[in-house]
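Novice: Input: one structure, supplied below.
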Amino acid sequence: MRKYLVHRLFQSIFALFGVSIVVFLIMHLGPGDPVLMLVPEDAPKETIAEVRREMGLDLPLHLQYLRFLRNAFTGKLYSYYRAGGALELVLDKVPATVELALAATIVSVLLGIPTGIIAATRRGTIPDYLSNVVALFGISTPNFWLGIMLILLFAETLQFLPSFGRGPAFIDALGQLLHGDVHPLVQSIKHIAMPAITLGTYYTAVMMRLMRTGILEEFGKGYVEAGRAKGLPEQIITYKHVFGNAVLSVVTVLGLQIGSLIGGSAITETVFAWPGAGQLLIDSIYVRDFPVVQAGILFAGLAFVFINLAVDVFYTVLDPRIRYEREMT
């Protein structure tokens, strides 16, 4: 197990190194010049050259990359246009993004797993066909379109939910609830409801299909037939024996989902003006703020890699067979 973890750790380091190169090249070779965002349109060439030198953009590309790595590791990666370090700016927005990602995960778990179980246990019936339609809709619908439709329905037509912004932080709202004030919690839920549904719809469909497929595969195994031969009730077989084995694949996707939600929430945050790290990255891309974009994507990659590693460890705890196979290899 220790050998496997060391191997995965080295893989993660190389993956992050590759991500840093790709992000650096995309930002520096793409259109747009951050220097022109800082100087007036009629600035003389000497002024433009001086600003470019101060920003280090006059260096060869490989030296700029080495400088970026040095600044990233020493904490000296500063925004071109905003006060403060690039990583600090990203970390300041991360709590809002994590809150949204966790809310979307809760939506996908509460809707996807039960629906997948119902579809599998009632295969070939109307609930199964409906779940297939819902899953197809969830997988194929762009989240920006879904977000706009939700805003038009619940914010504009019904005027039931706010169309943009973040309410009180959920943790703070829970603290207020302990003191008898329920209003902050209500506002927090109202603000996060539509973004969480928008972000979690795709993963709800994925979990639904995985749960259905996993249960149907388990139904075809010998231990299920043995349980039925012994006269065990179908609910006992499904929920006590089949579910525990079928949910393993869902656990893997769940861990990857949290990491990808943290790194992929930018569109949803932009649609709902959610003040998270994703919206910060979009804004920084528009103004060519290289350090903030690089810091944000590296943080998202780091979160994804280590959540993936944690899921692997947790997976071996749930299924000892996998731990044995990894020890043998």
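The values are calculated or read from the model by the stated rules, or taken from the named source; none is laboratory data. Predicted model, so just to flag it, every value in this text is computed and none were measured. So basically every Cβ, Gly included, is an ideal-geometry build from the backbone, and we count neighbours across all protein chains shown.
Novice: Just to confirm my filter: which helices (runs of 4 or more DSSP H) fall fully inside the range 260-329 and include at least 2 residues that are modelled with pLDDT of 80 or more and in contact with a helix residue (DSSP H, G or I) (Cβ under 7 Å, 6 or more places away or on another chain)?
Specialist: 266-271, 277-286, 290-318
Novice: Another question, if that's okay. From the residues in the range 40-85 that are within 27 Å of the chain's Cα centre (by Cα) and of a type in the set (Lys, Arg), which one is surrounded by the most Cβ atoms within 10 Å (Cβ to Cβ)?
Specialist: Applying the filter and picking the extreme gives ARG82.
Novice: Here are the criteria: (1) surrounded by fewer than 17 Cβ atoms within 10 Å (Cβ to Cβ); (2) in contact with a helix residue (DSSP H, G or I) (Cβ under 7 Å, 6 or more places away or on another chain). Tell me which single one SER12 does not satisfy.
Specialist: Among (1) surrounded by fewer than 17 Cβ atoms within 10 Å (Cβ to Cβ); (2) in contact with a helix residue (DSSP H, G or I) (Cβ under 7 Å, 6 or more places away or on another chain), SER12 violates only (1).
Novice: Also, quick follow-up: Hey, could you check the range 223-270 for residues that are more than 22 Å from ALA196 (Cβ to Cβ) and of a type in the set (Gly, Ala, Ser) and say which is surrounded by the most Cβ atoms within 10 Å (Cβ to Cβ)?
Specialist: ALA246
Novice: Can you name every residue in the range 133-150 that is farther than 14 Å from MET194 by Cα and surrounded by 15 or more Cβ atoms within 10 Å (Cβ to Cβ)?
Specialist: VAL134, ALA135, GLY138, ILE139, THR141
Novice: Just name the residue that is surrounded by the fewest Cβ atoms within 10 Å (Cβ to Cβ) out of those in the range 102-123 that are under 16 Å from LYS190 (Cα atoms) and in contact with a Gly (Cβ under 9 Å, 6 or more places away or on another chain).
Specialist: The extreme case among them is ILE106.
Novice: Just name the residue that is nearest to ALA104 (Cα to Cα) out of those in the range 151-193 that are surrounded by 15 or more Cβ atoms within 10 Å (Cβ to Cβ) and of a type in the set (Phe, Trp, Tyr).
Specialist: Step by step, filter the range 151-193, then rank; the result is PHE170.
Novice: Checking the conditions here, which among ALA15, ALA43 is part of a helix (DSSP H, G or I), more than 17 Å from LEU281 (Cα to Cα), small (Gly, Ala, Ser) and at pLDDT below 85?
Specialist: Answer to the check: ALA15.
Novice: Which helices (runs of 4 or more DSSP H) sit wholly inside the range 72-168 and have at least 2 residues that are among the aromatic types (Phe, Trp, Tyr)?
Specialist: Of the helices (runs of 4 or more DSSP H) lying wholly inside the range 72-168, those with at least 2 residues that are among the aromatic types (Phe, Trp, Tyr) span 126-140, 143-150.
Novice: Are there any helices (runs of 4 or more DSSP H) wholly within the range 169-249 with 3 or more residues that are of a type in the set (Val, Ile, Thr), and if so which?
Specialist: So the answer is 183-219.
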